[in-house]
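Below: the structure, in structure tokens.
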Amino acid sequence: GITRWAGWQIPDQKLNAWICPTFHTARILHARDPRVVQLLFDRHLELALEKKGRPWATVPDYNKHIHVLLDPQEASHVIHRFIDSKRAVAWDIETNGLRPYYPWSEILSCAVSDGGTTISFPWVGAAVKAMKELLLSPIRKIGQNLQFETCWMQRIIGTRVNNWFWDDLVASHAF
């Protein structure tokens, strides 16, 4: 639910402002132990008030750095260039659910970057075949949640990911 965002400090590009969600006050009033929720609520407010100024001096325009490729053949060609360059790539998938075990589970889109070129494309046709080749290639792979991506790749396209190098999710817990 929406309460999973409580306590976060999220930079918003459109407003160039910090979005700091917390619990609705009714949650405090109706909680079994309102002291716990009140402590969290107070901590969320403290964190929000620590944010001074705007997130960016100049709001970054990430869209100009991402090439959205709607043609699967074009995406396939760029993916093959990633493979040929032998540089590490970061990649991510967007799915219609958390688990790939249902008949309706599907991967909707994918993004890949080598730090210089970033593409995003629908998960269809030649792009899927090229991604399978990339995932099996020896180049280093960077992901956000290796368990998630690995599970989906095994279930949907029947392959493991070769040469995982870095998991941002695990790394974020180490620091």
Self-check item: Of the criteria (1) out of contact with any strand residue (DSSP E or B) (no Cβ under 8 Å at 6 or more places or on another chain); (2) within 30 Å of A111 (Cα to Cα); (3) surrounded by 10 or more Cβ atoms within 10 Å (Cβ to Cβ), which one I66 fails
Solution: (1)
Practice problem: Report, ordered by the first and then the second residue, all pairs with beta carbons closer than 6 Å, sequence separation of six or more or different chains, a first member in the stretch 1-29 that is in a helix (DSSP H, G or I), and a second member that is exposed (fewer than 14 other Cβ atoms within 10 Å of the Cβ) and not hydrophobic (A, V, I, L, M, F, W, C). | Solution: I28/P34
Quiz item: Would you pick out the residues in the stretch 99-123 that are open to solvent by less than 30 Å² (accessible area, probe 1.4 Å) and among the aromatic types (F, W, Y)?
Solution: F121, W123
Exercise. Of all residues in the stretch 34-45, count the ones that are open to solvent by 100 Å² or more (accessible area, probe 1.4 Å) and without any contact (Cβ under 8 Å) to a residue 12 or more places away in the chain.
Key: 2
Practice problem: Quickly run through the stretch 47-63 and pick out the residues that are open to solvent by less than 100 Å² (accessible area, probe 1.4 Å) and under 10 Å from Q13 (Cβ atoms). | Solution: P55, W56, V59, P60, D61
Exercise. Would you mind stating whether L134 is buried (at least 17 other Cβ atoms within 10 Å of the Cβ) and touching a strand residue (DSSP E or B) at 6+ places or on another chain (Cβ under 9 Å)?
Key: yes
Quiz prompt | Qualifying residue in the stretch 134-152 (condition: more than 25 Å from H67 (Cα to Cα), charged (D, E, K, R) and within 17 Å of the chain's Cα centre (by Cα)) | solution = no
Self-check item: Complete set of residues in the stretch 141-175 that are touching a residue at least 40 places away in the same chain (Cβ under 8 Å), among the basic types (K, R) and more than 25 Å from N63 (Cα to Cα)
Solution: R155
Quiz prompt | Counted residues, the stretch 75-98 - those being exposed (fewer than 13 other Cβ atoms within 10 Å of the Cβ) and among the small types (G, A, S) | solution = 1
Practice problem: Look through the stretch 146-166, keep the residues that are buried (at least 16 other Cβ atoms within 10 Å of the Cβ) and in contact with an Asp or Glu (Cβ under 9 Å, 6 or more places away or on another chain), and return whichever of them is farthest from A90 (Cα to Cα). | Solution: I156
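The values are calculated or read from the model by the stated rules, or taken from the named source; none is laboratory data. Everything quoted here is computed from the prediction, not taken from an experiment. No Cβ is skipped: glycine too gets one built from the backbone with ideal geometry, and neighbour counts run over all protein chains shown. Note: areas computed on protein heavy atoms with side chains; ligands, DNA, RNA excluded. Shrake-Rupley method; radii C 1.70, N 1.55, O 1.52, S 1.80 Å.
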